[in-house]
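Here the structure comes first, spelled out in structure tokens, and everything after it is commentary.
The values are calculated or read from the model by the stated rules, or taken from the named source; none is laboratory data. Given the structure is predicted, the values throughout are model-derived calculations rather than measurements. When we count neighbours, we look across all protein chains shown, and the Cβ atoms used for this are built from the backbone with ideal geometry, even at glycine. Heads up: the accessible areas ignore ligands, DNA and RNA and are worked out on the full protein's heavy atoms, side chains in. Shrake-Rupley method; radii C 1.70, N 1.55, O 1.52, S 1.80 Å.
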Amino acid sequence: MTATPIGRPVPANDQRSAAALPTVDTVDPPEALWGGLGGEAIDRQVHASIARLTMGLSPASLAEAFGDWAIHLAISPGKQAQLVQKAVRKAVRLWLHACECAATGAAAGPCIAPLPQDRRFVGAPWQAAPYSMIYQSFLLTQQWWHNATTGIPGVSRHHEAVVSFVARQLLDVMSPSNFLASNPELQAATLREGGANLRRGAANLLADWERTMAGRPPVGTEAFRPGETVATTPGKVVWRNELIELIRYAPSTEQVHPEPVLIVPAWIMKYYILDLSPENSLVRWLVGRGHTVFMISWRNPGPEQRNLGMEDYRRLGVMAALDAVERAMPGRRVHAAGYCLGGTLLSIAAAAMARDGDDRLASLTLLAAQVDFTEAGELTLFIDESQVRFLEDMMWEQGYLDTRQMAGAFRLLRSNDLIWSRMVRDYLLGEREPVTDLMAWNADATRMPYRMHSEYLRGLFLDNDLAEGRFMVDGRAVSLADIRLPVFAVGTERDHVAPWRSVYKITTHPAAEVTFLLTSGGHNAGIVSEPGHPHRRYRVSTKAPGDVFVDPATWEAATPVAEGSWWPEWQAWLAARSGTPVAAEPIAAASAGRARAMLPDAPGSYVLQP
């Protein structure tokens, strides 16, 4: 078999097995280096080298966005005059506030208040002079820059969002809360401890740097090892191929619902987000209520899996798992649930199955998963033609998207919470936040194969092929409208990865019963929301086939809030669509003979791959 030449993509629906997929690009002969495919290889190598310095951000994409903004601002004298007026008004506003504080001899109410989610300046020390003036001046400056980067006539919506985002990131770097000289809480701690906090912070910084250079996980995560403290629900790997291990969990009740539950997690992280500690494991909770649960554990790909594509993940992942479940429990329909990217892939598989008359699914559950990417939130800031090609060139060189490169993009979306506040706490206050199971899981990232991630970014994020009926499976387009299964979709209120209004688009499905549930929390913590978890709430309603669509804002206002975890709501929904409970059966591997004896107990071996 010949390798795929550089610059010639493997067909999107290549049906060869993953083991047979080409793994190494051919190298062009020296005489071709300055033209044709060799020239493209040089470009890719240059782009990949630049990407290592920019953390994968395309300088061309940023230049294009800022050029669009700067040119349109330069030819908009009305907007310029408005910005000058705003700057003068804000300066006068701050000056009058300073005069009022000086005249009264006490701190007056602030002239500008932080946004509700901004907790940097809420402490009492910030309300005393001169720190109140410092932070209010910063907030007024931040507000002015928001005005300066938005509302410019003629700037494209995407470029406006990019410029506004970058300006916000640069301002966050300069926040007075980040510096000892302008942060009264840091100063008080330093005086109180005689500088011991700075010594501890320096030690923390050195330890983190050493771990980063050595490729080791953050401090404290070693206490959470799959199979020992997390991912401990009893079970066994019952099927394995080159891409997945399929885990079947042991029953813990005498009777079980006859239809099994198959969970398809995202392969961007390890599967055990849904089987964390015993007290917050969704898998253990379902098993304890009489459900037979199967879970896919994805292999952590390396350079040799560079040419695994979306079709391979569907065929060797979802469809292979369904085949294995069918062998283990013949004649049983399956309740399939997909989390994040796993839910998107499951939707593709369900649409293809509906098209082809495959009726093995009983229901479809999507947990923080998108099928329409027109409003995919701030992640779309990193998705345009220039940026996608830049990422492709970076992945082309190494064969995958590295875990640090993905983590960096996600942290930027919440830089105040995930970058700057952590640096202040760890390196200036010298305090380590206790590591939780969820934090340890979040640090246990996986890689993304070059071909798969390219197809995902282009076909779904950039072109929205799935929602618009152009996504190809086995050489033919699939349509979500073909799905007639009952659907249960969960969105989370503070989701920066899959915004709930984007997840809500599944309710536009005209022919299926769709139950949509909106829960408090973010992309991960909102899903890991066990009964008894404090401060949890949710909204839920069902849209019957043929019902009129209700927009997200109207739905949110009209749907009552229920207190507590959403898990019982979903479990009741599953139970209502399952048959009469039957006697529980022991686990049997989906393979036979020697291969069966060699399969490990849960959590398997793929989850332990570094």
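Here is how the numbers come out for the structure above:
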| item | result |
| --- | --- |
| Carbon plus sulfur fraction of accessible area for the chain, probe 1.4 Å, in percent | 60 |
| Nearest 10 degrees, 0 to 90: helix 131-149 Cα axis against the chain principal axis | 60 |
| Ranked by how many other beta carbons lie within 10 Å on average, peptides 378-391, 482-495 from highest | 482-495, 378-391 |
| Only Lys, Arg (+1) and Asp, Glu (-1) charged, at Cβ; the chain dipole about Cα centre in debye | 940 |
| Helix-only CD estimate at 222 nm, as mean residue ellipticity for the chain, using -39500 (n - 2.57) per DSSP H run (n ≥ 4) | -11500 deg cm²/dmol |
| Protection-proxy order for peptides 76-82, 430-436, each taking the mean of Cβ atoms within 10 Å per residue, highest first | 430-436, 76-82 |
| Using a Förster distance of 25 Å, the FRET efficiency for E530-A576 (Cβ separation, nearest 0.05) | 0.75 |
| Semi-axes of the equivalent ellipsoid for region 442-507, Cα gyration tensor, largest first, Å | 22, 21, 11 |
| Computed label-point distance, nm, for sites L191 and M319 using a 7 Å Cα→Cβ extension | 7.0 |
| At R0 = 25 Å, FRET efficiency that the Cβ-Cβ distance of R425 and A113 yields, to 0.05 | 0.60 |
| Unit charges at the beta carbon, dipole of the chain: most positive-side option, A167, L57, A320 | A167 |
| Under the Debye formula (equal points on every Cα, no solvent term), log10 I(q)/I(0) of region 148-299 at q = 0.16 Å⁻¹ | -0.93 |
| If the convex hull is drawn through the Cα atoms of the chain, its volume per residue in Å³ | 188 |
| Two-decimal Rg to Rh for region 273-347 - Kirkwood Rh, Cα set | 1.00 |
| Degrees, to the nearest 10: 36-54 long Cα axis against longest axis of the chain | 60 |
| Charge sum, other residues only, whose C-beta stays under 13 Å from L140's C-beta, Lys/Arg counted +1 and Asp/Glu -1 | +4 |
| Taking the C-alpha atoms of region 497-595, convex hull volume expressed per residue in Å³ | 192 |
| Residues of type lysines that K236 reaches as a straight line, Cα spacing below 21 Å, ignoring anything fewer than 8 places off in the same chain | K270 |
| Burial ranking of peptide ranges 521-527, 288-294, 219-225, 447-453 (average Cβ count within 10 Å, highest at the top) | 447-453, 288-294, 521-527, 219-225 |
| Taking only Cα atoms of region 31-171, radius of gyration then Dmax in Å | 22.0, 81 |
| Förster radius 45 Å - calculated FRET efficiency between W209 and H158 (Cβ-Cβ, nearest 0.05) | 0.80 |
| Shape call, region 286-405: gyration tensor on alpha carbons, a/c limit 1.5 | prolate |
| Reachable lysines, given that their alpha-carbon falls under 23 Å from the alpha-carbon of K79 and they are not under 8 places away in the same chain | K90 |
| Rg(Cα)/(2.2 N^0.38 Å) for region 414-478, N = residue count | 1.83 |
| Which of Q45, T403, L466, positive extreme of dipole for the chain (C-beta unit charges) | T403 |
| Stretch gain in nm, segment K86-A584, where the contour uses 0.36 nm per residue and the Cα spacing is subtracted | 172.3 nm |
